[in-house]
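J.: Below is the structure I would like to discuss, written out as structure tokens.
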Amino acid sequence: MELNSLPSNEIYEKSKLMPTDWFNIRIKITYRFADLIRVRYSLPSGPTITCENFFSQEGQDHLRTQLSQDPHLVPEVLDSMIPYITYRVQRLFKSEGNPEVENPSPSRNPRGYSLYLHIEFQVPEEDEDEVIEQSLQEVRMIPASNEAVNLLRTFNFNGQKDEHCTICMEEFDSDNQVAEVSMMPCDHIFHQQCIMSWLQISHMCPLCRYSMPVVNQN
């Protein structure tokens, strides 16, 4: 891809970004399996990296260091995500015509730029078992026990209008229909179907990582 072949420092100079400016990268990931099951995960807080670090020769290493702290991101996912994030930022800031980044004053305060990414991974059917097994081993995505899942409180949503499920990112009251939601012991609420699918592969709350009782591994 052409943008990836451009030297990072060239894009840095064209964009007139200050070394102390920073990017906040918010990421939502969808794992799609051949049986059409989708598991969505949003990083609770995206990585923040200064322009100086991002556009340095070690920029991808800085990103990897921050992203690898999330236990849900296996190495194969990181290998795909990091070049894509780099490409997106380069594409956004390569132009001289952006008025927000052109000719900055040396005395101005650092600016933050938010980048929202939705990355979808298609897992081939023949690789599903291997990918799931490897993910469980590498990030300890151990399912919650059936007993714990069955004890979750499930009810019709009656909260604020703009609240949304952070697994599928859709509002609870979309299409003016009453959504069935389930509450985790940590009081976080998700669509009932979303959290049931999530707890089949991970025993941790997608938001705060509260640990549910796990399946007996003996």
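Nothing in this text is a laboratory measurement; each read-out follows from the coordinates by a stated rule. What you see is a predicted model, and the numbers here were worked out from it, not measured in a lab. All Cβ positions, even for glycine, are placed from backbone atoms using ideal geometry, and neighbour counts span all protein chains on display.
J.: Counting Lys and Arg as +1 and Asp and Glu as -1, what is the net charge of the other residues whose Cβ lies under 13 Å from the Cβ of ARG153? It would help to have the intermediate numbers written out before the result.
T.: Numbers: positive: none; negative: GLU180, ASP187.
Every neighbour counted, the sum reads -2.
J.: Can I ask one more? Take the eigenvalues of the Cα gyration tensor for the range 142-218, scale each by 5, and report the square roots as semi-axes in whole Å, largest first.
T.: Rounded to whole Å, the semi-axes are 24, 11, 10.
J.: Output the relative contact order of the range 142-218, whole-number percent, from Cα pairs under 8 angstrom with separation of 6+ residues.
T.: In percent, rounded to a whole number, it is 40.
J.: Would you work out which of PRO206, CYS165, ALA148 lies farthest towards the positive end of the dipole of the range 142-218, given +1 charges on the beta-carbon of Lys and Arg and -1 on that of Asp and Glu, about the Cα centre?
T.: Ranked along the dipole, the leading option is ALA148.
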